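Written below as structure tokens is the structure these notes are about.
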Amino acid sequence: ELEIDYEACALIVNYEVEATVLGDSGEPIVAERKQNHKTIHLKTLTERTDIGRLADEIMERCELIRRSKRPQVEALLRD
């Protein structure tokens, strides 16, 4: 899930990590999920920013954002 933090001028990437411990026979013993977020500060975002180029830079640096989310990233940056 993606969102903008207007006060911090940042794109927030919310994601979930799941870890599973397997027993000797390969059966899951413990499964744990944890909610995390990554903050991407948008220091160069101005009225003259090339939104497409900035979206490309963000997606290159953050592997958590799938390519299919590019239109959403651009829309959030324009808001």
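Please find the FRET efficiency linking E63 to Y6, where r is the Cβ-Cβ separation and R0 is fixed at 22 Å, and quote it to the nearest 0.05.
0.30
Just read off the accessible area of Y6 with the full protein assembly in place, 1.4 Å probe, to the nearest 10 Å².
150 Å²
Checking the cross-link filter: which aspartates and glutamates have an alpha carbon closer than 18 Å to that of K69, excluding same-chain neighbours under 8 positions apart?
By straight Cα distance, K69 reaches E1, E3, D5, E16, D50, D56, E57, E60, D79.
Not counting ligands, DNA or RNA, and with a 1.4 Å probe, what is S68's accessible surface area in Å² rounded to the nearest 10?
Approximately 90 Å² for this residue.
Along its three principal axes, how long is the chain when you only count alpha carbons? Whole Å, largest extent first please.
Here the Cα extents, ordered largest to smallest, are 58, 24, 16 Å.
The values are calculated or read from the model by the stated rules, or taken from the named source; none is laboratory data. Note that the structure is a prediction, hence the values are computed from the model and not measured. Counting neighbours? That spans all protein chains shown, and the Cβs are built from the backbone with ideal geometry, glycine included. Calculation scope for accessible area: heavy atoms of the full protein, side chains included, ligands and nucleic acids excluded. Shrake-Rupley method; radii C 1.70, N 1.55, O 1.52, S 1.80 Å.
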